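Peer 1: Submitted below is the structure of interest, expressed as structure tokens.
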Amino acid sequence: MKYLPQELIRKKRDGGVLNDAEIGFIVKGMCDLSMTDAQLGAFAMAVVLKGMNMDERVSLTTHMKNSGEVLNWSDLDLDGPIVDKHSTGGVGDKVSLMLAPIVAACGAYVPMISGRGLGHTGGTLDKFESIPGYNAVPSGTLFRNTVKNVGCAIIGQTAQLAPADQRFYSIRDVTATIESVGMITASILSKKLAAGLDALVMDVKTGNGAFCATREMADEVAQSIADVATGAGVPTRCLITDMNQVLGHSLGNAVEIIECLDFLTKPSEADSRLLKLTLELAAHMIQISGIEKDFNSALSKAQEALNSGRAAERFGQMVSALGGPTDLIERPLNYLTPTPIIQAIPAKSTGYISAMDVREIGLSMVLLKAGRVKSTDNIDHSIGLSEVVQIGQFVNVGDPLAIAHVKSSDDLSMLSSKISNAITISEGESGEIWSKNDLIYNVLTSNIE
Ligand code: URA
């Protein structure tokens, strides 16, 4: 069917509902360039202003998913379900690194296609690229063999996967049109559903470090994703989780790999919020993909995979299968070179850590080139922060708020001032009042399940 792009834009601008053929025409225009950037930007703005109903969201998701390669695992004769987790992005969010091997060690297959960091949030792929030799864009054969033989492979998005979204997202990014629940749903799910999953768990972050800054928006995004994915035949569960403080104790890239290796090899010493979130997400993946019927059994299975060292073993196997060193777990410092300056950032007063401006903390990493402004920017994998304090913690004046990993004294003073300003220390009788910061606010399933 042939349409005039401007007529479809006009229809949406005036509050009309586009049918499946009309949305298919627009998605074709994203791929064959028959719609210009200006037309796609105008279409995106019309959607931001007028919204999309559920049928339109399903159409947009399905057409964008089908705009490129859709992975099919059936010929590999895998003896377990294919399941993945996606996070809407956070600061210090390294959960995927431990989660994929834990769930693989429980009998599932996790082909995790993840992104690079953009803006104040970090990207899983950037963390892996701190490991020398790790090939984040392997051939299709190496990716499939790694999933089959190890149970998990964490790689980057290829140009063949949902190419319509790749162009449309970059236009939305520069036209102030990201913030639409319908388009966010289609953008995330087109990529995830193209990976050929049996089930999906979403971690929708909310708080001052998340792009869903309010609970209201997070609830709306989560419900929409659960409904559209389940409607498309992929059972999906969405957790709404806190991003009002750095997740875990480190941020950056190589320093987050070190935290991940410590987590996998010494789980009893792991940050308690990071441990709880990772294990709960793992349990949801194990339950929703049918490996365990009961949530508590799924949780025990995930705990056992971690505590026994089997998850660490899978992580090591995945790294070496994808070209990284075979002894990263035993000798991480042979590969993850430290910065010349590793120095504490001291607290300026005594009291309880009561709040964090997580977005500012994330942006301080971008300023030091541990993150990027444009998708083409190069980053410095060695820069970061470790031992970041947590909300509710008591500090005396002079105690470290974090340890800076930087390359010059100018960078150290810039980072010290950013971190001191972003972390609030309050006087009070007890840390209790500051430690009520919930971690998992809600778990949503589809209304149409
Ligand atoms: N992440 C995506 O992949 N797409 C969006 O639209 C928003 C976040």
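Peer 1: About the Cα centre, and with charges only on the beta carbon of Lys, Arg (+1) and Asp, Glu (-1), how big is the dipole of the chain? Nearest 20 debye, please.
Peer 2: 860 debye
Peer 1: Here is a further query. State the answer as a single residue: which of T350, H405, G392 lies farthest towards the positive end of the charge dipole of the stretch 326-435, with beta carbon charges of +1 for Lys and Arg and -1 for Asp and Glu, about the Cα centre.
Peer 2: So the residue furthest toward the plus end is H405.
Peer 1: In the stretch 129-184, with Lys and Arg counted as +1 and Asp and Glu as -1 at Cβ, which of these residues, G151, V137, S180, has the Cα nearest the positive end of the dipole, that is, farthest along it?
Peer 2: G151
Peer 1: Quick one: check the C-alpha center-to-center distance for the stretch 1-50 versus the stretch 174-188, whole angstrom.
Peer 2: A separation of 14 Å, based on Cα centres.
Peer 1: To continue, here is another question. Can you tally the net charge around R144? Count Lys and Arg as +1, Asp and Glu as -1, for every other residue whose Cβ sits under 14 Å from the Cβ of R144.
Peer 2: After counting each charged neighbour, the total is -2.
Peer 1: Less than 14 Å apart at the alpha-carbon level, and either on another chain or at least 8 residues along: which aspartates and glutamates does that give for K418?
Peer 2: Result set, ordered by chain and number: D357, E360, D410.
Peer 1: A 19 angstrom limit on the alpha carbon distance is what I want to check against. Which of K266/K293; K12/K374; K28/K191; K369/K407 exceed it?
Peer 2: Those over the limit are K266/K293; K12/K374.
Peer 1: OK, next. Of the heavy-atom accessible surface of the stretch 31-143 (probe 1.4 angstrom), what whole percent is carbon and sulfur?
Peer 2: Ligands and nucleic acids excluded, carbon and sulfur reach 52 percent.
Peer 1: Report the accessible area of L78, computed with a 1.4 Å probe over the heavy atoms of all protein chains in place, in Å² rounded to the nearest 10.
Peer 2: 40 Å²
Peer 1: Using a 1.4 angstrom probe on heavy atoms only, work out the carbon and sulfur share of the accessible area of the stretch 339-434 in %.
Peer 2: Ligands and nucleic acids excluded, carbon and sulfur give 51 percent.
Peer 1: Leaving ligands, DNA and RNA out of it, report the carbon-plus-sulfur percent of the accessible area of the stretch 191-230 at a 1.4 Å probe.
Peer 2: 51 percent
Peer 1: Something else: From the protein chains alone at 1.4 Å, what is the descending order of accessible area for V83, V48, largest first?
Peer 2: The ordering from most to least exposed comes out as V48, V83.
Peer 1: Sorting check: for 95-101, 415-421, which peptide has the highest mean count of neighbouring beta carbons within 10 Å, and how do the rest follow?
Peer 2: In decreasing order of mean packing, 95-101, 415-421 become 95-101, 415-421.
Peer 1: Which residue, chosen from A312, A298, P267, occupies the Cα position most advanced towards the positive end of the dipole of the stretch 259-339, where the dipole is computed from +1 (Lys, Arg) and -1 (Asp, Glu) charges on Cβ about the Cα centre?
Peer 2: A298
Peer 1: Which order do the peptides 188-196, 296-304 come out in when sorted by mean C-beta neighbours inside 10 angstrom, highest first?
Peer 2: Peptide ranking by packing, descending: 188-196, 296-304.
Peer 1: Let me ask something additional. Roughly what % of DSSP beta bridges within the chain run antiparallel, to the nearest 5?
Peer 2: 55 percent
Peer 1: Let me know the charge dipole size of the stretch 1-44 about its Cα centre in debye, to the nearest 20, where only the beta-carbon of Lys, Arg (+1) and Asp, Glu (-1) is charged.
Peer 2: Once rounded to the nearest 20, the dipole reads 100 debye.
Peer 1: Starting from the Kirkwood Rh over alpha-carbon pairs, what translational D in µm² s⁻¹ does the stretch 339-434 have by Stokes-Einstein at 25 °C and 0.890 mPa s?
Peer 2: Stokes-Einstein gives a translational diffusion coefficient of 177 µm²/s.
Peer 1: With a sphere of radius 12 Å drawn around the Cβ of K12, what net charge do the other residues whose Cβ falls strictly inside it have (Lys, Arg +1; Asp, Glu -1)?
Peer 2: 0
Peer 1: How big, on average over all directions, is the shadow cast by the Cα convex hull of the chain, in nm²?
Peer 2: 21.2 nm²
Peer 1: Another question, if that's okay. Tell me, what is the Rg over Rh of the stretch 5-51, with Rh the Kirkwood radius over Cα pairs?
Peer 2: 0.93
Peer 1: Quick one: accessible area per residue over the chain, 1.4 Å probe, rounded to a whole number of Å²?
Peer 2: Spelled out: the 1.4 Å probe surface of the chain, per residue, equals 40 Å².
Peer 1: Here's a follow-up. Translational D (Stokes-Einstein, µm²/s) of the stretch 113-225 at 4 °C and 1.567 mPa s when Rh comes from the Kirkwood sum over C-alpha pairs?
Peer 2: Once the numbers are plugged in, D ends up at 83 µm²/s.
Peer 1: Cβ under 12 Å from H249's Cβ, H249 left aside: what net charge do those residues give with Lys, Arg +1 and Asp, Glu -1?
Peer 2: -4
Peer 1: Here is a further query. Could you order peptides 123-132, 29-38 by the average number of other Cβ atoms within 10 Å of their residues, highest first?
Peer 2: 123-132, 29-38
Peer 1: Same structure, new question: Relative contact order of the chain: what whole-number percent is it, with Cα pairs under 8 angstrom and at least 6 residues apart?
Peer 2: The value is 20 percent.
Peer 1: Under 16 Å between alpha carbons, and skipping anything fewer than 8 positions from K205 in its own chain: which lysines qualify?
Peer 2: K85, K94, K276
Peer 1: What number, rounded to the nearest 500 deg cm²/dmol, is the helix-based mean residue ellipticity at 222 nm of the chain, given -39500 (n - 2.57) per DSSP H run of at least four residues and division by all its residues?
Peer 2: -13500 deg cm²/dmol
The values are calculated or read from the model by the stated rules, or taken from the named source; none is laboratory data. Fair warning: this is a prediction, and the values are worked out from it, not measured in the lab. For neighbour counting, all protein chains shown are included, and Cβ atoms are generated from backbone atoms with ideal geometry for every residue, glycine included. The protein model used for the area step is the full one, side chains on, heavy atoms only, and it has no ligands, DNA or RNA in it. Shrake-Rupley method; radii C 1.70, N 1.55, O 1.52, S 1.80 Å.
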